[in-house]
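Below is one structure; the comments refer to it alone.
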Amino acid sequence: MNVYNSLSDLPNFKNAVLTIGSFDGVHAGHQKILERINQLAKKNEGKSIVITFHPHPRQIIYPNDKSLRLLNSIDEKVALFEKYGIDNVVVVPFTVEFSQQSADEYIQKFLLEKFNPKYIVIGYDHKFGLNRQGDINYLKSYSRKKEFEVIEISRHDIQNIGISSTKIRNFLSEGDVSQANKLLNHNYSINGTVVHGQGIGKDLGYPTANIRVKNSFKLVPLGGIYAVQVIYRDQRYGGMLYIGDRPTLTQHNNQTIEVNIFDFNKDIYGEKLTIEFIDHIRGDEKFEDLNGLKSQLAKDKISSQNILKKQKTTTVELINPQEESIVASVAIVILNFNGVDFLKKFLPSVLKSEYEKLSIHVADNGSSDTSIAFLKTTFPEVNIIDLKGNHGFAKGYNLALNQVEADYLVLLNSDVEVTPNWINPIIDLMERDNTIGACQPKIKSYHAKDYFEYAGASGGWIDHLGYPFCRGRIFDKLEKDQGQYNTTSEIFWASGAAFFVRGKLFKAIGGFDSDYFAHAEEIDLCWRIKRAGFKVMVKPRSEVFHVGGGTLDYTNPRKTYLNFRNTLFTILKNEPKRKLFWLIPTRLILDGIAGGLFLFQGKFAHIKSILRAHFSFYSSFSTMVKKRKIYTEKIQKVSISTKPNKIGIYQGSMVWQYYIKKVKFFKNLK
């Protein structure tokens with residue numbers, strides 16, 4: 001699912017089927033609308049689009065009204081849209097200026113110009129424009145002049161009770177969460193961070209996690225005891241939740257939200273929990289003393305457990321649910337060669353990375369500048385690995401990573417600026433799916449931050465002839481990032497500029513091929529990972545900015561030599577034997593054509609580089625054949641599938657598509 005937070009970043013939608021609204025709660029009535037737009041989008045070969053607003057319009061129109069209580073934060077709402085299969089979510093920044101649009105301006109300048117809809121699907125009571133002057137009949141009258149159709153979703157009832165966000169709020173305010181859940185068609189939930197309490201629950205034999213809800217507008221149900229499901233790191237636990245001001249403890253009369261998690265004994269201070277309400281057990285009560293409270297808590301636990309046994313909820317599938325959930329260790333390793341200026345500029349952003357169990361290492365590849373001295377004096381918290389010589393990218397990383405132990409290794413170029421939360425989305429993804437071997441963030445240009453960067457963009461592919469390209473970059477053509485590749489997707493190779501890989505897998509599968517020196521070693525490694533049946537992914541919610549060409553310029557003849565030579569090495573080691581009989585000669589011929597293009601451009605040094613690459617390939621042929629056998633044996637030992645994973649291979653020719661068909665953008669490939 002694509003999420004857009006700015007109207008200026010929208011792509012050109014085709015056959016758009018959209019709906020508009022606040023959708024607070026994303027309740028069963030809303031779900032009817034979502035189901036309809038998904039059906040229409042599929043039928044018309046289009047995409048479903050939900051347009052919603054943040055902040056909530058009432059917060060802007062009535063800024064002094066603090067009575068508003070919402071069923072969802074914007075993040076919770078977006079997650080529910082994804083759960084119900086929506087293709088695109090547009091979160092419109094709601095401002096005073098936006099609210100002043102007339103109904104005609106709203107339709108013409110907002111809906112038509114930005115979305116070019118084929119269908120607009122809305123509820124019977126939808127209002128829009130200044131003073132809510134527009135309604136469904138107004139929109140229908142407008143549609144007769146334009147090429148879009150309005151579809152109305154009629155009032156939908158559950159058990160003869162009209163569904164509305166207001167009624168759900170009322171049920172929750174009365175503590176009737178079971179009735180609220182029926183109207184929601186999912187369990188009402190709150191999200192919060194575990195903070196320190198007074199430890200009274202632990203003294204009573206019922207230790208609790210005290211929850212701090214960050215969103216001040218979030219509706220907290222009526223005080224009392226509830227049977228709940230607690231979600232911690234994608235695993236569910238039963239529990240009982242208390243909301244109230246603890247009347248039995250007169251010295252502690254502040255409101256608290258705390259949960260006793262059944263069969264759970266972990267230190268989770270600072271961690272985030274999701275609490276799903278299942279049923280209300282009793283109201284908040286005052287007891288004579290702590291013994292009376294303790295006796296009642298024993299009864300509450302039995303009641304909660306009985307309710308949870310009857311509750312039919314869908315649990316999150318875990319690969320090893322019996323294992324204790326622990327924080328995975330992550331090691332960032334930056335390979336440096338005479339890059340003191342890059343370290344000064346970009347290492348501070350790396351040190352601000354938000355991850356709990358993180359170590360940062362700089363492996364120095366025999367720098368002759370002041371890199372090591374600078375690190376020792378300025379960033380003593382960084383671990384220095386002195387490699388005592390320039391071993392190139394491939395061997396340098398192999399030597400460095402042999403000295404680093406972590407669940408996940410992050411190979412990061414020294415010329416990359418990272419964002420604070422760039423690690424968590426990828427680790428969360430890989431922790432949920434142990435078939436993911438490697439992953440990359442979205443990589444954008446440091447110097448032109450609206451554009452993708454050459455080294456990986458939003459995930460790498462290869463074509464049938466072994467030519468690499470990216471979502472956002474085909475050969476030398478870079479796309480502007482307009483959210484067109486924001487989906488978490490399986491790819492063929494992840495960029496070495498910001499490369500996440502499972503530590504044990506990297507070493508077991510042989511690491512990089514040291515003979516590559518630099519360039520294409522990550523494609524070769526990912527190819528082996530894919531041959532073992534693992535996935536390689538891109539997580540665009542994680543975003544970094546790459547200078548590119550920091551240590552070896554993209555136009556350098558040395559780069560051309562490594563490019564052509566290493567690509568031939570990679571094909572020889574990884575393609576099926578039968579395919580090699582025709583592919584190697586074909587690639588050599590195409591390399592000759594590339595040389596002719598360089599001749600036409602007057603790039604004679606690059607022609608020499610291609611010739612050098614071919615001679616090096618011939619002389620190394622037997623060595624690479626032996627390596628093919630060695631790597632195949634390693635792949636077999638770690639393989640999780642009898643067949644290689646071929647997702648990310650384009651079955652056509654990118655040379656043909658780019659130069660003959662003039663296809664310049666990944667999204668236009670057929």
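How do Ser67, Ser102 line up, fewest other C-beta atoms within 10 Å first?
With the fewest neighbours first, Ser67, Ser102 line up as Ser67, Ser102.
Anything over 29 Å Cα to Cα? Flag those among Lys530/Lys667; Lys32/Lys646; Lys109/Lys480; Lys504/Lys539; Lys32/Lys299; Lys14/Lys182, in the order listed.
Lys32/Lys646; Lys32/Lys299; Lys14/Lys182
Quick one: Ser489, Ser458, fewest Cβ neighbours within 10 Å first, how do they rank?
Ser489, Ser458
Roughly how many Å is it from the Cα centre of the range 468-487 to that of the range 370-441, as a whole number?
The range 468-487 and the range 370-441 have Cα centres spaced 25 Å from each other.
Could you give the size of the charge dipole of the range 400-525 about its Cα centre, using +1 on the Cβ of each K and R and -1 on the Cβ of each D and E, expressed in debye and rounded to the nearest 20?
Dipole about the Cα centre, nearest 20: 260 debye.
Quick one: Asp428, Asp524, Asp125, fewest Cβ neighbours within 10 Å first, how do they rank?
On the way: Asp428 15, Asp524 24, Asp125 11.
Fewest-to-most ranking of Asp428, Asp524, Asp125: Asp125, Asp428, Asp524.
Enumerate the lysines that Lys294 could reach by cross-link, defined here as Cα to Cα under 21 Å, with residues fewer than 8 away along the same chain left out.
The reachable lysines, counting only those whose Cα sits under 21 Å from Lys294, are Lys202, Lys286.
For the pairs Lys146/Lys442; Lys577/Lys637; Lys266/Lys634, note any where the Cα-Cα span goes beyond 30 Å.
Going by Cα-Cα distance, Lys146/Lys442; Lys266/Lys634 fall outside the 30 Å limit.
So how strong a dipole does the range 2-158 carry about its Cα centre when Lys and Arg Cβ are +1 and Asp and Glu Cβ are -1, to the nearest 20 debye?
Dipole about the Cα centre, nearest 20: 300 debye.
How would you order 659-670, 395-406 from highest to lowest mean count of nearby Cβ atoms within 10 Å?
Per-residue Cβ counts within 10 Å, averaged per peptide and sorted highest first, yield 395-406, 659-670.
Would you calculate a helix-derived [θ] at 222 nm for the chain, using -39,500 (n - 2.57) for each DSSP H run of n ≥ 4 and dividing by the full residue count, to the nearest 500? Provide the component values of the computation, followed by the final result.
Values: 19 runs with 218 residues, N = 670.
The helix-only estimate for the chain comes to -10000 deg cm²/dmol at 222 nm.
Can you list the lysines whose alpha carbon is less than 22 Å from that of Lys603, not counting same-chain residues fewer than 8 positions off?
Leaving aside lysines fewer than 8 places away in the same chain, those within reach of Lys603 are Lys477, Lys559.
Counting only other residues whose beta carbon sits under 12 Å from that of Gln657, what net charge do I get with K and R as +1, D and E as -1?
Once positives and negatives cancel, what remains is +4.
Magnitude of the Cβ-charge dipole of the chain, K/R +1 and D/E -1, about the Cα centre, nearest 20 debye?
2580 debye
Calculated from the structure, mean projected area of the Cα convex hull in nm² equals which of (1) 35.0; (2) 37.0; (3) 27.6?
Answer by label: (1).
Which residues' amide hydrogens lie under 5 Å from the amide hydrogen of Gly466, considering only partners 5 or more residues apart or on another chain, with H built in the peptide plane?
Hits under the 5 Å cutoff: none.
Read the figures in this text as sums done on the coordinates, not as results from a lab. These numbers come from a predicted model, not from an experiment. Here Cβ is always computed from backbone atoms with ideal geometry, including for glycine, and neighbour counts include all displayed protein chains.
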